[in-house]
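**Q** Quick one: this structure, given as structure tokens, is what I'll be asking you about.
The values are calculated or read from the model by the stated rules, or taken from the named source; none is laboratory data. Keep in mind the model is a prediction, meaning the values are calculated, not measured. Every residue, glycine as well, gets a Cβ built from its backbone with ideal geometry; the counts of neighbours run over all protein chains shown. These area figures cover heavy atoms from the full protein model, side chains too; ligands, DNA and RNA do not enter into them. Shrake-Rupley method; radii C 1.70, N 1.55, O 1.52, S 1.80 Å.
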Amino acid sequence: MSIKDNLDLIKTNIEAACSKCGRNPDDVLILAVTKTRSAAEINEAISLGITDIGENRVQELMSKYDDVVKNVRWHIIGHLQSNKVKYIADKVCMIHSVESLKLASEINRQCEKIGKVMDILIEVNSGEENKDGIDPDEVYSLIEAIIPMKNICIKGLMTMAPLGASEEKLRMVFSALRNLSLDILSRGYKNVSMQYLSMGMSDDYAVAVEEGSTIIRPGRSLFNVN
Ligand SMILES: *Cc1c(COP(=O)(O)O)cnc(C)c1O
């Protein structure tokens, strides 16, 4: 199938998931995950209406950046080393994978230099075998430590479900992230919004949408990779 067919199918599936739970499909952003994809493929996706793209490695983002058309928003979605923040601070609109105070401090420092406020999501660990993200009970202290940082704005949470999880397990993981976001909201932290729940990839985005995802991150299912 073409990228266009794949995108149409993803949209159809989002609509079906939304109608099941009374959500508006316009509230779900399709963040195209472009790791291992060429600039030409990325540009094709953008020509079809994709507005936001996600890379998980700084080096790969840098190598494609100049060849991708400019009217798109870049996101970092994967593990980010503090010493690489300086390369992408001016290029990305959101970092989904903030999981330590050290990383947040470096994002704040680099963004202060260029006069920018970076939107970030806190990555929460949901899986036994997946080491990325912090444990749910550590999220509060990380948020409280980030709040005073003037060049960072916390906009929500991100997670990756365990690979190959059953639908029941997926629902548990995604609803737990949503409940965590609601609990954070209820604490009334200043300048912290829970506007974004970044959850759902190629194999599980429909369940994620049913459980409240506002950013899905399909890669293979959009670009025909198995
Ligand atoms: C690779 C990746 C995705 C996309 O995964 P697919 O299975 O290709 O849809 C989404 N989120 C993150 C963090 C990734 O690294």
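**Q** What pairs can you find where one residue is in region 84-98 and at negative phi and in a loop (DSSP other than H, G, I, E, B), the other is at pLDDT 95 or above and within 16 Å of the ligand (Cβ to nearest atom), and their Cβ atoms are less than 8 Å apart, with a gap of 6+ or different chains?
**A** Lys91/Leu61; Lys91/Trp74
**Q** Still on this structure, I have one more. What number of residues within region 34-83 are open to solvent by 40 Å² or more (accessible area, probe 1.4 Å) and in contact with a strand residue (DSSP E or B) (Cβ under 8 Å, 6 or more places away or on another chain)?
**A** Residues in region 34-83 being open to solvent by 40 Å² or more (accessible area, probe 1.4 Å) and in contact with a strand residue (DSSP E or B) (Cβ under 8 Å, 6 or more places away or on another chain): 6 in total.
**Q** Would you tally the residues in region 22-71 being of a type in the set (Ser, Thr, Tyr) and assigned to a loop (DSSP other than H, G, I, E, B)? It would help to see each step written out before you state the result.
**A** Here is the first cut: in region 22-71, the residues of a type in the set (Ser, Thr, Tyr) are 34, 36, 38, 47, 51, 63, 65.
After this cut, where a residue has to be assigned to a loop (DSSP other than H, G, I, E, B) as well, the list is 34, 36, 38, 51.
Number satisfying all stated conditions: 4.
**Q** Give region 10-42 a look and list any residue that's over 19 Å from the mean Cα position of the chain (by Cα) and free of Cβ contacts under 8 Å to residues at least 60 places away in the same chain, or say none.
**A** Thr12, Glu15, Ser19, Gly22, Asn24, Ser38, Ala39, Ala40
**Q** Sticking with this structure for a sec: Would you be able to say whether some residue in region 138-153 is within 16 Å of the ligand (Cβ to nearest atom) and part of a strand (DSSP E or B)? Spell out how you get there, then give the answer.
**A** In the first step, residues of region 138-153 are kept if they are within 16 Å of the ligand (Cβ to nearest atom); the result is none.
No.
**Q** Taking only pairs six or more apart or across chains, which ones have beta-carbon atoms under 6 Å, a first residue in region 153-175 that is under 28 Å from Leu103 (Cα atoms) and hydroxyl-bearing (Ser, Thr, Tyr), and a second residue that is open to solvent by less than 40 Å² (accessible area, probe 1.4 Å) and within 13 Å of the ligand (Cβ to nearest atom)?
**A** Filtered contacts from region 153-175: Thr159/Val124; Thr159/Ser126; Thr159/Met199.
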